[in-house]
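Shown next, in structure tokens, is the structure this report addresses.
The values are calculated or read from the model by the stated rules, or taken from the named source; none is laboratory data. Quick caveat, the model's predicted, so the values are computed rather than measured. In this analysis, Cβ positions are derived from the backbone assuming ideal geometry, glycine residues included, and neighbour counts consider all displayed protein chains.
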Amino acid sequence: MVSGDLNQRLSSRVDRRGLMLVLSSPSGAGKSTIARNLLREEPELQLSVSVTTRGRRPSEIEGTHYHFISQREFEMVRDNDGLLESAEVHGNFYGTPLGPVQQAMSQGRDMLFDVDWQGALQMFEAARADIVSIFILPPSMKELRNRLVRRAEDAEDVIERRLENAKTEMKHWAEYDYVIINDDLNRAFSEVQSILISERLRRDRRVGLHGFVNELLK
């Protein structure tokens, strides 16, 4: 039987490699709400704050939702290899700063990425083994439209463009590890959280297990 002190000492040695949790969905399908809930419930999870050339919405906070920069600033960072991924969406540019990601992963912390499918595919090419990817679908196009209208942050022509772009985005669902239909927000959040917990326990991520087991067998 392992004593309490020894068990605590052994458990502290079961380190794991951090993971990169990628959430993607059409605009209005619910990924931002799920991401906020995850960050509230999972203290070990850190949000990767993207940069964007899009104008700030009234509900958004600089440095919390995005870093809002000019197109010239964006191009300078991108051209100097300072972005893990970048994409143009609805006429605006988005990207993930590389520095904070490198720092977090080197310290074994988990990072959450709220990115579109273009950014996700770029991330797959750069670090596929460390990525857990989830695509979130709306229950129907009618409900997606209703959600965009209820959000009351975009003009009618912008909503129509988002709905058309959603059809292109949803064609990439099969490139993700997991797919969730968000017909109930609480259930969808619970499913995403369960995926995160399970992926943290994967044997190949728990780099300290070999030492832990060797101590048990002595």
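Segment 36-127 holds strands (runs of 3 or more DSSP E) entirely within its bounds, and those carrying 1 or more residues that are in contact (Cβ under 8 Å) with a residue 60 or more places away in the chain and either more than 30 Å from Arg16 (Cα to Cα) or touching a Ser or Thr at 6+ places or on another chain (Cβ under 9 Å) (or both) map to 45-47, 83-89, 110-114.
Counting the residues of segment 39-60 that are surrounded by 10 or more Cβ atoms within 10 Å (Cβ to Cβ) and either out of contact with any strand residue (DSSP E or B) (no Cβ under 9 Å at 6 or more places or on another chain) or at positive phi (or both) gives 2.
Pick from segment 178-217 the residues that are at pLDDT 95 or above and aromatic (Phe, Trp, Tyr): which of them is surrounded by the most Cβ atoms within 10 Å (Cβ to Cβ)? It comes out as Phe189.
If the requirement is being in contact (Cβ under 8 Å) with a residue 12 or more places away in the chain, touching a His at 6+ places or on another chain (Cβ under 9 Å) and closer than 28 Å to Asn92 by Cα, which of these qualifies: Arg162, Arg145, Arg151?
Only one candidate passes the filter, namely Arg162.
In the set (1) touching an Asp or Glu at 6+ places or on another chain (Cβ under 8 Å); (2) over 20 Å from Asp114 (Cβ atoms), Leu196 fails one condition alone, (2). Tallying residues that are closer than 30 Å to Ile136 by Cβ and either within 18 Å of the chain's Cα centre (by Cα) or without any contact (Cβ under 8 Å) to a residue 24 or more places away in the chain (or both) within segment 206-218 yields 0. Kindly check whether there is at least one residue in segment 147-164 that is assigned to a helix (DSSP H, G or I), surrounded by 12 or more Cβ atoms within 10 Å (Cβ to Cβ), among the basic types (Lys, Arg) and touching a Pro at 6+ places or on another chain (Cβ under 8 Å). Yes - at least one qualifying residue is present in segment 147-164.
For every residue, the table says whether it meets (1) farther than 20 Å from Arg36 by Cα; (2) touching a helix residue (DSSP H, G or I) at 6+ places or on another chain (Cβ under 7 Å).
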| residue | (1), (2) |
| --- | --- |
| Gly82 | yes, yes |
| Val89 | yes, no |
| Ala104 | no, no |
| Asp114 | no, yes |
| Leu137 | no, yes |
| Leu148 | no, yes |
| Glu156 | yes, no |
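Scanning segment 174-202 for residues being among the polar types (S, T, N, Q) and either in contact (Cβ under 8 Å) with a residue 12 or more places away in the chain or in contact with a Pro (Cβ under 6 Å, 6 or more places away or on another chain) (or both) gives a total of 2.
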